[in-house]
Amino acid sequence: MENFNQIESNILNKIKNVNDRNSYDSIKTEIFGKKGIITELFKKIGSLNQSEKKEYASKLNSLKTKITEILEKKLTDFNQSEINKKLENEKIDVTLPGRTYFAGKIHPVSQVIDEVTSIFSEIGFSVEDGPDVENEYYNFSALNTPENHPARDMHDTFYLDRSKDLLLRTHTSPVQIRTMLKSKPPFKIIAPGRTYRHDSDKTHSPMFHQLEGLHVDKNISMGHLKGCLYYFVKKFFEVEKVKIRFRPSHFPFTEPSAEVDIGYKIHNGKIKIGEGDKWLEILGCGMVHPKVLKNVKVNPNQYQGYAFGVGIDRLAMLKYEINDLRAFFESDIRWLEFYGFDPLDVPTNYRGLSR
Ligand code: PHE
């Protein structure tokens, strides 16, 4: 019969040299693998005669148990020391003084949206939104812009299907329709959001931002529109005086329609809003067309209203002296570091809108 004591001390000698995971694995195979020492000993049982079998098997089993336990203990020790090493490396000294953490900045477009929201909510407008992917009914038909109307071409629409039903909204005006369809007048809302047109140069980007305004009630007149826009421009540009000019224009969904310019001048190379004799177009507006009101089941003999659409990116460019619109959407972190706003400095009417 095999000398189990001898075998055991041989194996224990091998295990003694195990000092890392790799050597552990190879020793384990050497002992318990397909051709391992213990495995081979088990294979022999079949060829033994009855008298030897019992003693042999019992010795072999206890050897196997002993070695297994020793190996398992080794493994636990390895794992424990790996964890200890990790803990040692990753330990944090919570008593160290804090390091300055440079958080991200608020993009000028987001900043302007926060500012206009603050300005309009002070005079009773609430905020609505609608989907970027619109269908042609909300974007055009309901806004009194039937098929083949030249205004559809002017918008350079991105269509999303061949039937020209789904599209990327070309303006925020569909939110007027969505808002009026879902409840009853009066309506007094603004709707900031992304809009899309097939157009790209220094002052046009295929994706840009608009702010829609809509106020529908009994006896609303063009005077209210004017008053509202004066209030808005003064608050937004943080100036006492502004010069505003209404130019007759045309939109299918307003009648009469106007485009609004604000006066400015260049002083020491900087743009000054509200003074001077130069004009800059900032928005389109008008009285909501009676046909639009009918489309959303509002009686135009009872209710009237005004609507306006402002280019948000353009407002941001004017107010914060940024002269290339494309940089807005290039995601250059250095640009944002320079033009962005402190996230903790939320614009409010009473604390001030901007730096
Ligand atoms: N939707 C128009 C545009 O994008 C702007 C506008 C809005 C005009 C509301 C009148 C009333 O050009």
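The values are calculated or read from the model by the stated rules, or taken from the named source; none is laboratory data. Every value quoted in this text rests on a predicted model; they were computed, and no experiment measured them. Because the Cβ atoms are built from the backbone with ideal geometry, glycine has one as well, and the counts that use them run over all protein chains shown. With ligands, DNA and RNA removed, areas are computed over all heavy atoms of the protein, side chains included. Shrake-Rupley method; radii C 1.70, N 1.55, O 1.52, S 1.80 Å.
At-a-glance table
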{"quantity": "Residue identified as open to solvent by 70 Å² or more (accessible area, probe 1.4 Å), at negative phi, assigned to a helix (DSSP H, G or I) and without any contact (Cβ under 8 Å) to a residue 60 or more places away in the chain among N19, N79, N5", "calculated": "N5"}
{"quantity": "Test set (1) open to solvent by 10 Å² or more (accessible area, probe 1.4 Å); (2) part of a helix (DSSP H, G or I) - E281 fails condition number", "calculated": "(2)"}
{"quantity": "D77 modelled with pLDDT under 95 and acidic (D, E)", "calculated": "yes"}
{"quantity": "Looking only at segment 9-26, and only at residues there that are of a type outside the set (F, W, Y) and under 12 Å from L75 (Cα atoms), the one that is farthest from the chain's Cα centre (by Cα)", "calculated": "I15"}
{"quantity": "Breaking point among (1) at pLDDT 90 or above; (2) farther than 22 Å from I11 by Cβ; (3) more than 59 Å from the chain's Cα centre (by Cα); (4) not hydroxyl-bearing (S, T, Y), for Q50", "calculated": "(1)"}
{"quantity": "Lone qualifier among K74, K54, K66 - being under 20 Å from Q6 (Cα atoms) and open to solvent by less than 100 Å² (accessible area, probe 1.4 Å)", "calculated": "K66"}
{"quantity": "Exclusive hit being within 16 Å of the ligand (Cβ to nearest atom), touching a His at 6+ places or on another chain (Cβ under 8 Å) and aromatic (F, W, Y), set F208, F187", "calculated": "F187"}
{"quantity": "Single residue of segment 27-47 satisfying the filter (hydroxyl-bearing (S, T, Y) and more than 59 Å from the chain's Cα centre (by Cα)) that is nearest to F4 (Cα to Cα)", "calculated": "T39"}
{"quantity": "So F232, is it aromatic (F, W, Y), under 23 Å from H204 (Cα atoms) and surrounded by 14 or more Cβ atoms within 10 Å (Cβ to Cβ)", "calculated": "no"}
{"quantity": "Selection from segment 164-179 of residues that are more than 13 Å from the ligand (Cβ to nearest atom) and closer than 30 Å to Q302 by Cα", "calculated": "R178"}
{"quantity": "Per-region count, segment 202-224, residues in contact (Cβ under 8 Å) with a residue 12 or more places away in the chain and more than 21 Å from V112 (Cβ to Cβ)", "calculated": "8"}
{"quantity": "Enumeration of residues in segment 164-177 that are surrounded by 19 or more Cβ atoms within 10 Å (Cβ to Cβ) and not aliphatic (A, V, I, L, M)", "calculated": "R169, T170, H171, T172, S173, P174, Q176"}
{"quantity": "Complete set of residues in segment 292-319 that are within 14 Å of the ligand (Cβ to nearest atom) and either of a type in the set (G, A, S) or farther than 22 Å from R247 by Cβ (or both)", "calculated": "L293, G305, A307, G309, G311"}
{"quantity": "Conditions (1) out of contact with any strand residue (DSSP E or B) (no Cβ under 6 Å at 6 or more places or on another chain); (2) in a loop (DSSP other than H, G, I, E, B); number of the one not met by I119", "calculated": "(2)"}
{"quantity": "Residue selected from segment 248-276 under the condition in contact (Cβ under 8 Å) with a residue 24 or more places away in the chain and of a type in the set (D, E), by the criterion nearest to the ligand (Cβ to nearest atom)", "calculated": "E259"}
{"quantity": "Some residue of segment 133-141 being among the charged types (D, E, K, R), open to solvent by less than 50 Å² (accessible area, probe 1.4 Å), within 27 Å of L318 (Cβ to Cβ) and at pLDDT 95 or above", "calculated": "no"}
{"quantity": "Residue in segment 25-41 that is touching a residue at least 60 places away in the same chain (Cβ under 8 Å), part of a helix (DSSP H, G or I) and not charged (D, E, K, R) present", "calculated": "no"}
{"quantity": "Lone qualifier among D161, D156, D129 - being assigned to a loop (DSSP other than H, G, I, E, B), open to solvent by 10 Å² or more (accessible area, probe 1.4 Å) and within 14 Å of the ligand (Cβ to nearest atom)", "calculated": "D156"}
